[in-house]
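Novice: Attaching a single structure in structure tokens format; questions to follow.
Only the coordinates and a few stated rules stand behind these numbers; no lab work does. Quick caveat: nothing in here was measured; it's all calculated off a predicted structure. Methodologically, a virtual Cβ is constructed for each residue, glycine included, from the backbone with ideal geometry; neighbour enumeration extends over all protein chains shown.
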Amino acid sequence: MSRFFGTASDSDTESDVSEEEVQQRPTAVPTYTFSDDEEEQKRIVRSAKEKRFEELKDIIKLIKNYKKNKDLSKMLSSFEELTKAYQKALPVIAKEEKGVTPRFYIQCLVEVETFLNELWEDRDGRKNLSKNNSKSLSTLRQKMRKYVKDFEADVAKFKENPDEEEEDEEAEEKSEAESDEESEAEGPAAFRKSESETRTKPLPKVKPIAPEGDESDDSYWDSDGEDETSSSDDDSKYANLKDKFLKVAGGEDDKKKEKKDRKDKEKAQRRKDREEEEELEMEGGDGWQVQGKATQAKPKMFAKDADINTGVVLKKLFEILAARGKKGTDRREQVEMLHELYTVSEANNLGIGIAVKVKFTIISAIFDYNPKICDAMKPEHWEKLLQCIAELLDLLNSRTDIIMGEHVSEDHEKLDQAEYDAEQDPSRRFFSVRGCMLTTVERMDEEFVKILKECDAHSNEYVERLKDETRVSAIIDSLQTYIERQSLPAELCRLYMRKIEHMYYKFDPNTIKQSNGESNVEKDTTLAVMDRLCRYIYVNDKEERIRPRAMLCHIYHYALHDEWYKARDLMLMSHLQETVHLLDPSTQILYNRTMVQLGLCAFRHGHIKEAHHALLDIQSSGRAKELLAQGLLLQRQHERTSEQEKIEKQRQMPFHMHINLELLECVYLVSAMLIEIPYMAAHESDARRRMISKSFHHQLKVSERQAVTGPPESMREHVVAASKAMRNGLWKQAHNFIINEKMNAKVWDLFYQADRVRTMLVRKIQEESLRTYLFTHSSVYDSLSMATLSKMFDLEQPTVHAIISKMVMNEELMASLDEPTQSVVMHRTEPSRLQSMSLQLADKLANLVDNNERILKIRQGPFGFSRGNQNVRFGDRPQYGNRQGQQGGGGNWQRRGGDNRDNRDNHRDNRDNHRDNRDRHNN
Amino acid sequence: MANRNRRANAPDVDNTIDLVQVDGLVVAKIIKHCHEEGSSAVDVAQGVLLGLVADTRLEVTNCFPFPKNLDENFDEEDYQMEMMRHLRKVNVDHLHVGWYQSTQQGAFLSTQFLESQFTYQTSIEESVVLIYDPLKTKRGFLHLKAYRLTPQAVALYKDNDFGADAIKTHHLSFESLYQEIRLVIHNSHLVNALLCELSEMVPSYEGSQYLDLGTASVLEKHLRSLTDNVDELLQDTNKFNIYQRQVVKQQQEKQKYVQKRNLENTARQARGEAPLPDEDITKVFKPIPVPPRLEPMVLSAQIAAHCQQVSLFCSQALGKLFLSEALQQPQPSQQTVLKGSSKTA
């Protein structure tokens, strides 16, 4: 911060009259213009030197600060600035100082160099530096080395007697002060001139001093200054009230008097400041003070009694907007200023057009406030935003003659109430404002999701924020009325999609009541609303982007409300399964969610197989959490880059939309159990048995591996225990494992109408246990009474009859029903377990024999023996050489053949098979 | 040649043992140990046998188990020596004469098993291994067998070459890999008297487990391990097959190479040039490594053992079934069931 600003701000505390402070700077400009015509030549030369040196010193001061903070990256940039400034200063130095580099400059260089070297030597310290800083350190060090080479002689001289420097500087400063005083003493004219110089200087100097944060003041400042100079007789704009007041009321004389007063005061201040300069130099906080002052000044944007009209407000608005997005703009301030502007325009009754315009700008300014796209808004801003949007929508909905949209170009905006009133033609009596409300609301919705994700899902904060859901929905609804009035199908589709996304995951108990005929039919259920909105999108969406999402939401909603057949049919009709991998990730996530919901719905309806299929893809990978975007999984193999993680985090679902994963897994495992256990029983001895559900098998295996299995604790253990019981046909035990208090609390109670699900489940367990029992134990029986079976499994006799008939039909059970005695007669055509194992062994042995024969064949050469007849094989053998080896091999076989005489019969049965194999081998 | 000579002597030494006489105490101790530790499918209980050789008879009079949980710094040999020293102090036979091991369904044969028996037999000439099967004992048959490696197998191991040719020169086949030695359980008179007394005290129905008819499950288990073994053997034969084919191919290439060479040489001679220098043909064609034949041999032996056991079991079970059928005849209702099971047997 320049010395002068520093002084000014410091004086702030001394002189209590803040208004006076405020007016100081602006008035400086006119003074400058006054003194402009005198002694131009001399002034410029002096100021050139001073200006350059000021500049250099400022930068040096900054560098000192950075040195203290060890902010190397900033130091690097300042250093670059410094060298540039020095380059500029060179001609002046050559002229004034006869080419001798100023001492303070050399000192700075030496200091920085030593500092850098120290830092470089300190290896541990260097390691602790941030990446950015360490990078800057190395570049800075290199630059420094190169640069210092040019000053080698000076540096050496400086190092010889570094003490001199302080005196020198002091002397310099003194002389400077003296010169100042001298010049002041020279006379009023001269004084005024020098004063004016000092005043004018601060303006360009603000920039390098505070590269961040106060550019807005700066630019704002500038513009004010311009306004001041250019429009002194245009009453509309003044940066400060008193100035304006003075100008109008007092005229030139007052101004001069005022100036004199101030001059005296300033003189005193400056003396004081000189003394305090050392401290001030180190403080580096001067910039902030200025900023604070600026904020004080800002909200007062119009002169007190200025004639505020639409044009003026608009001008101001654009002025504020011009600062938008610039690096140093204080965003909070912008919002405040816009608010101020809004109140001003309201107070002056500038009409609804301006109100809408300003409101809209406020909203976008609030959006702007948060610079990072992935971070959520602060709650207070969010509140403000909601309020603003709601108000704006109310405004828009209150009148029918406001057109707001992207299609309105900047130039065709009609905001002026006067113009509106003046317009005679009623067809042209409207306001038009540029801006897209839909985009704003969409953005707001995204922000809402972000805010929710930011909160801890289990805290009160989340609940508090979630309460805003109703407000968000209300805003969307009111936007709907607004857009429906405008009736643009594309926009309406987008809006409906928003609405759908707020609706599809919410369960509406009325729907089910209505379908049961319990509640009055008049009321519109969410299902009906959903249906209407989705249909509109199906018809009107041209982009093909919203439609799949709408469809998925529709299916989800159906599934959620137990409309299984509708949901399934829509899913099948949509053919989304084939194309979903081409869609964007968030739609894929929605697809996964929908499939899962579909699976749950199928389960509730007792369609176990469908439930299993729907959940298989999600559950089998063990990444359900990731696939449903309900949390990040730890990946051991490859770490995510932070970039990836960010993207993945953005995709996450907010907590209130999560689907309970345990419920999901339980439903999946139970359906897998109901399918897999009978299947396993049916194909127990089948070597080519496939696994239906890998994760279910995994669970079974895990429990088998345990030496001692205690009573089940977790949901998985319960299911596994139930599966084991079911395998043995103990349906009651299985039932108790699946449905008990623990499982109810964990899983089943999460269903709407849990009791219905439980009865369905018990029924399924009974049926499947019966099937399992029949598969496992049918070989023991000659006949079975169906009455006994129905008693055993607590099923009605017709059901038992149906199940057994189905099994017989599917050739799963080799039996027939004997109607008169109500019993099942087994046919006993299935091989027993021992028999099938023997068959397998025989197969393998045949292969072994084949292999052995091939080994022999090579030894014998290509002669071979008749293939079909096994018995001949060994008879032929002695004809060929190398008897010993053959005896080994042949003996082996003979011996084994003898031992397996029991298997001979089976073997012979398999011989055809075997021969085919052999032919294949030979070929 | 040295090997030959030793082998010529070997039978004399080997014949020294044709009977293993095991004390009742040892049997009881082994059974106890194996039931405690070796009952699960994975664990194998092992221990040391102590005793003395008397003529051709090996008397096993005591034993102790190997500790199960070995620490890293636990020295097994130290432990054994310590144990033997202690036993010596209480005047028990302290000579190491072999080891015992538990097994599951007779599936004890493996290369490791043979190797350890080989080390035993080379360091202690008369050592035997006792194999005890807890599962079979549960079904009512005490299954305790004594085995030794045959002299041929020992010689083969000494050569440490398990190629097909080595096995041939040693006249070894899977049948002659190891031999079973007759085992007698010997009790002192006092113990015999006690047993007599006890047998009077034991109620008669306690013996009913010997009539267990669970034929299918035993056979199934045997079949399962048989299938596994056959599978492995199949893979081994496959490997050997591939080896053979490679050898044949190489042989042909070799022949071609030699022929070409000869032709060239005769051409050179005709032109009056010096013949090409003789190259070592093994350098051109590197011999293909012979797959070791020990593994298939062990597998064959194991399969053979299984088959033996199955046939033994079947004959026993058939006898039982006929017996029980005869017993059941007055009650015709259960006949069908029996018929069913007899079919499976």
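Novice: Distance check, please: which entries in B:Lys32/B:Lys158; A:Lys67/A:Lys135; A:Lys70/A:Lys146; A:Lys378/A:Lys646; A:Lys67/A:Lys149 exceed 24 angstrom between their Cα atoms? Kindly include the intermediate steps, with their values, before the conclusion.
Specialist: Values: B:Lys32/B:Lys158 35 Å; A:Lys67/A:Lys135 16 Å; A:Lys70/A:Lys146 21 Å; A:Lys378/A:Lys646 19 Å; A:Lys67/A:Lys149 22 Å.
The pairs that break the limit, which is 24 Å between Cα atoms, are B:Lys32/B:Lys158.
Novice: Once you average over the residues of B:306-313, how many Cβ atoms of partner chains fall within 10 Å of each Cβ?
Specialist: On the way: counts 1, 9, 1, 1, 4, 5, 0, 0.
Neighbouring Cβ atoms belonging to other protein chains average 3 per residue here.
Novice: Also, I was wondering about something else. Using DSSP, restrict attention to beta bridges with both residues in the stretch B:19-210 and report what percent are antiparallel, rounded to the nearest 5. Can you show the working numbers first?
Specialist: Details: 21 of 35 bridges.
Just about 60 percent of them are antiparallel.
Novice: Need one value for B:240-248: mean number of C-beta atoms belonging to other chains within 10 Å of its residues' C-beta atoms.
Specialist: Mean shielding count: 3.
Novice: Okay, moving on. Taking every residue in B:267-274, how many Cβ atoms of other protein chains lie within 10 Å of its Cβ, on average? Intermediate results must be reported in sequence, preceding the final value.
Specialist: Numbers: counts 0, 0, 0, 0, 0, 0, 0, 0.
Mean partner-chain Cβ count within 10 Å for B:267-274: 0.
Novice: Which order do the peptides A:534-546, A:574-586, B:167-179 come out in when sorted by mean C-beta neighbours inside 10 angstrom, highest first?
Specialist: Details: A:534-546: 15.1, A:574-586: 12.8, B:167-179: 18.6.
Highest mean packing first, the order is B:167-179, A:534-546, A:574-586.
Novice: Now a separate question. For the ranges A:497-505, A:813-821, B:235-243, what's the packing order if you count other beta-carbon atoms within 10 Å of each residue, average per peptide, and put the highest first? Walk me through the numbers on the way to the answer.
Specialist: On the way: A:497-505: 19.9, A:813-821: 13.9, B:235-243: 17.3.
Those peptides, ordered most packed to least, come out A:497-505, B:235-243, A:813-821.
Novice: Please give the peptides A:848-855, A:797-804, B:58-65 ranked by average Cβ packing (other Cβ atoms within 10 Å per residue), highest first, as a rough proxy for protection. Provide the component values of the computation, followed by the final result.
Specialist: Details: A:848-855: 19.9, A:797-804: 17.4, B:58-65: 21.6.
Sorting A:848-855, A:797-804, B:58-65 by mean packing, highest first, produces B:58-65, A:848-855, A:797-804.
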